[in-house]
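Since the structure comes first, as structure tokens, the remarks are kept for the end.
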Amino acid sequence: MTVTIGGKAPTHVAPTVSMQAAIDAASPGDLLMIDPTTPATATTATVPAIHQELLLMWKPVRLQGVGAAGSVLNANTHPAGKLDAWRRQVNCLFGLAINGQPMTGTNPYDPSGVYSCGAGVNGANFSGTATTLAGFTPYAPP
């Protein structure tokens, strides 16, 4: 049971919704409640929610499942191709081009133009030669 006194109420994530999309849309400090099952219909039974996603917890949000073993996150990396999109998302998040170097005006995300890391992608706000990510503070060694 979750009791919220004051502050923002938890956001419920339906079993059919992407958990990554919910994280990307959440505000820092939000509690995301992962609803446990896909409801029964006339032709299907109630089944546990299984999210087949590799998540990037790139902002301070809290995830909480509801019910005993009712919400499953399967972050299996196989087939290996699943990592390609995840890696591109990580590069965008940290302002890196596909070649692993920082994005600049002379080093775009993907010089071939096949992939892009434009404004609004996973919370990214990249523009010009400066690379910024709204609400993100990069690690700075002491």
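Selection over region 69-126 of residues that are at pLDDT below 75 and touching a helix residue (DSSP H, G or I) at 6+ places or on another chain (Cβ under 7 Å) gives a count of 6. I'd like to verify a number: residues in region 97-115 that are closer than 22 Å to K59 by Cβ and touching a Phe, Trp or Tyr at 6+ places or on another chain (Cβ under 8 Å), how many? Summing the residues that are closer than 22 Å to K59 by Cβ and touching a Phe, Trp or Tyr at 6+ places or on another chain (Cβ under 8 Å) in region 97-115 gives 2.
Within the group A49, A9, which residue is part of a strand (DSSP E or B) and either modelled with pLDDT of 70 or more or exposed (fewer than 14 other Cβ atoms within 10 Å of the Cβ) (or both)?
Matching residue, one of A49, A9: A49.
The values are calculated or read from the model by the stated rules, or taken from the named source; none is laboratory data. On a predicted model such as this, the values are computed, not experimentally measured, just so you know. Glycine gets a Cβ as well: all are built from the backbone with ideal geometry, and neighbour counts include every protein chain shown.
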